[in-house]
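The values are calculated or read from the model by the stated rules, or taken from the named source; none is laboratory data. All of these numbers come straight from a predicted model, not from anything done at the bench. All Cβ positions, even for glycine, are placed from backbone atoms using ideal geometry, and neighbour counts span all protein chains on display. Quick note on the areas: whole protein, heavy atoms, side chains included, nothing else; ligands and nucleic acids left out. Shrake-Rupley method; radii C 1.70, N 1.55, O 1.52, S 1.80 Å.
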Amino acid sequence: NVQNDTYSDVMTASGVLQFFSVGLMAPLLEEILFRGLILGTLKREMHPWAAILLSSLAFGAAHGTAISFIYATGIGILMGWLFVKFNSVLPSIVFHMAYNCTLAFSEGINGLVALLSIPIMILSVISIKKYFRGSR
(Lines give C-alpha, C1' and ligand atoms only; values in the text may rest on other atoms or scores of the structure.)
Protein backbone atom coordinates (compact mmCIF):
# COMPACT_ATOMS: atom_id res chain seq x y z
CA ASN A 1 0.00 0.00 0.00
CA VAL A 2 1.66 3.22 -1.19
CA GLN A 3 -0.11 5.43 1.35
CA ASN A 4 1.08 3.31 4.29
CA ASP A 5 4.62 3.21 2.86
CA THR A 6 4.63 7.00 2.52
CA TYR A 7 3.36 7.41 6.08
CA SER A 8 6.00 4.96 7.32
CA ASP A 9 8.72 6.89 5.49
CA VAL A 10 7.62 10.18 7.07
CA MET A 11 7.67 8.65 10.54
CA THR A 12 11.30 7.49 10.29
CA ALA A 13 14.14 9.70 11.53
CA SER A 14 15.05 10.57 7.93
CA GLY A 15 11.40 11.37 7.16
CA VAL A 16 11.15 13.69 10.16
CA LEU A 17 14.42 15.33 9.13
CA GLN A 18 13.14 15.74 5.57
CA PHE A 19 9.89 17.27 6.83
CA PHE A 20 11.76 19.66 9.12
CA SER A 21 14.35 20.71 6.53
CA VAL A 22 12.32 20.68 3.28
CA GLY A 23 8.88 21.40 4.68
CA LEU A 24 9.68 24.02 7.32
CA MET A 25 13.21 25.42 7.44
CA ALA A 26 13.99 25.78 3.72
CA PRO A 27 10.76 27.71 3.01
CA LEU A 28 11.27 29.95 6.04
CA LEU A 29 14.87 30.82 5.16
CA GLU A 30 14.24 31.09 1.39
CA GLU A 31 11.26 33.40 1.87
CA ILE A 32 13.13 35.66 4.26
CA LEU A 33 15.98 35.87 1.74
CA PHE A 34 14.19 35.96 -1.65
CA ARG A 35 10.97 37.78 -0.75
CA GLY A 36 11.85 39.68 2.43
CA LEU A 37 15.35 40.88 1.55
CA ILE A 38 15.77 40.66 -2.23
CA LEU A 39 12.22 41.45 -3.39
CA GLY A 40 11.72 43.95 -0.57
CA THR A 41 14.81 45.88 -1.68
CA LEU A 42 14.09 45.62 -5.42
CA LYS A 43 10.49 46.83 -5.13
CA ARG A 44 11.71 50.08 -3.56
CA GLU A 45 13.90 50.70 -6.63
CA MET A 46 11.69 49.52 -9.53
CA HIS A 47 8.16 48.57 -10.59
CA PRO A 48 6.80 45.79 -8.35
CA TRP A 49 6.34 43.35 -11.25
CA ALA A 50 9.93 43.88 -12.43
CA ALA A 51 11.10 43.27 -8.85
CA ILE A 52 8.94 40.12 -8.61
CA LEU A 53 10.35 38.79 -11.89
CA LEU A 54 14.00 39.48 -10.99
CA SER A 55 13.72 37.98 -7.50
CA SER A 56 11.87 34.96 -8.94
CA LEU A 57 14.61 34.39 -11.52
CA ALA A 58 17.18 34.48 -8.70
CA PHE A 59 15.01 32.05 -6.71
CA GLY A 60 14.80 29.74 -9.73
CA ALA A 61 18.54 29.90 -10.34
CA ALA A 62 19.20 28.96 -6.72
CA HIS A 63 17.38 25.66 -7.27
CA GLY A 64 20.00 24.22 -9.62
CA THR A 65 18.62 22.11 -12.46
CA ALA A 66 16.86 23.48 -15.54
CA ILE A 67 13.51 21.89 -14.65
CA SER A 68 13.79 23.12 -11.05
CA PHE A 69 14.62 26.58 -12.40
CA ILE A 70 11.39 26.63 -14.40
CA TYR A 71 9.19 25.40 -11.54
CA ALA A 72 10.87 27.54 -8.87
CA THR A 73 10.71 30.67 -11.03
CA GLY A 74 6.99 30.14 -11.63
CA ILE A 75 6.23 29.48 -7.99
CA GLY A 76 8.54 32.39 -7.08
CA ILE A 77 6.37 34.73 -9.15
CA LEU A 78 3.28 33.57 -7.26
CA MET A 79 5.00 33.93 -3.88
CA GLY A 80 6.36 37.33 -4.92
CA TRP A 81 2.84 38.45 -5.79
CA LEU A 82 1.65 37.28 -2.35
CA PHE A 83 4.45 39.25 -0.70
CA VAL A 84 3.64 42.43 -2.63
CA LYS A 85 -0.15 42.04 -2.32
CA PHE A 86 -0.14 41.56 1.46
CA ASN A 87 3.03 43.56 2.19
CA SER A 88 4.20 40.69 4.38
CA VAL A 89 6.46 37.66 4.05
CA LEU A 90 4.06 35.52 6.14
CA PRO A 91 1.71 34.53 3.28
CA SER A 92 4.60 33.46 1.05
CA ILE A 93 6.15 31.48 3.94
CA VAL A 94 2.87 29.62 4.58
CA PHE A 95 2.36 28.94 0.87
CA HIS A 96 5.97 27.79 0.40
CA MET A 97 5.74 25.42 3.38
CA ALA A 98 2.48 23.94 2.10
CA TYR A 99 3.88 23.64 -1.42
CA ASN A 100 7.08 21.92 -0.30
CA CYS A 101 5.19 19.51 1.96
CA THR A 102 2.82 18.67 -0.90
CA LEU A 103 5.74 17.94 -3.23
CA ALA A 104 7.96 16.18 -0.71
CA PHE A 105 5.28 13.79 0.43
CA SER A 106 3.24 13.37 -2.76
CA GLU A 107 4.86 10.24 -4.17
CA GLY A 108 1.67 8.29 -3.48
CA ILE A 109 -0.54 11.14 -4.68
CA ASN A 110 -1.51 11.69 -8.29
CA GLY A 111 0.41 14.69 -9.68
CA LEU A 112 -2.87 16.32 -10.70
CA VAL A 113 -4.10 16.24 -7.10
CA ALA A 114 -0.87 17.93 -6.00
CA LEU A 115 -1.34 20.57 -8.72
CA LEU A 116 -4.96 21.16 -7.71
CA SER A 117 -3.87 21.73 -4.14
CA ILE A 118 -2.20 25.01 -5.16
CA PRO A 119 -5.47 27.03 -5.25
CA ILE A 120 -6.35 25.58 -1.84
CA MET A 121 -2.98 26.75 -0.52
CA ILE A 122 -3.58 30.24 -1.92
CA LEU A 123 -7.00 30.45 -0.27
CA SER A 124 -5.44 29.26 2.99
CA VAL A 125 -2.83 32.01 2.84
CA ILE A 126 -5.48 34.65 2.19
CA SER A 127 -7.60 33.34 5.07
CA ILE A 128 -4.62 33.37 7.45
CA LYS A 129 -3.76 36.92 6.44
CA LYS A 130 -7.38 38.06 6.98
CA TYR A 131 -7.39 36.37 10.39
CA PHE A 132 -4.23 38.17 11.48
CA ARG A 133 -5.49 41.47 10.09
CA GLY A 134 -8.73 41.09 12.08
CA SER A 135 -6.97 40.20 15.35
CA ARG A 136 -5.06 43.49 15.65
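Just a few scattered comments:
- A 1.4 Å probe over all protein chains sorts 85, 43 by accessible area into 85, 43, starting with the largest.
- The listed residues 63, 96 rank as 63, 96 when sorted by accessible area, largest first, using a 1.4 Å probe.
- In this structure residue 123 has an accessible area near 110 Å², from a 1.4 Å probe over the protein heavy atoms.
- Working from label points 7 Å from Cα in the Cα-to-Cβ sense, the residue 37 to residue 122 distance is 2.9 nm.
- Per residue, segment 21-112 exposes an accessible area of 50 Å² to a 1.4 Å probe, with every protein chain left in place.
- Residue 71 accessible area, assembled protein chains, probe 1.4 Å, Å²: 140
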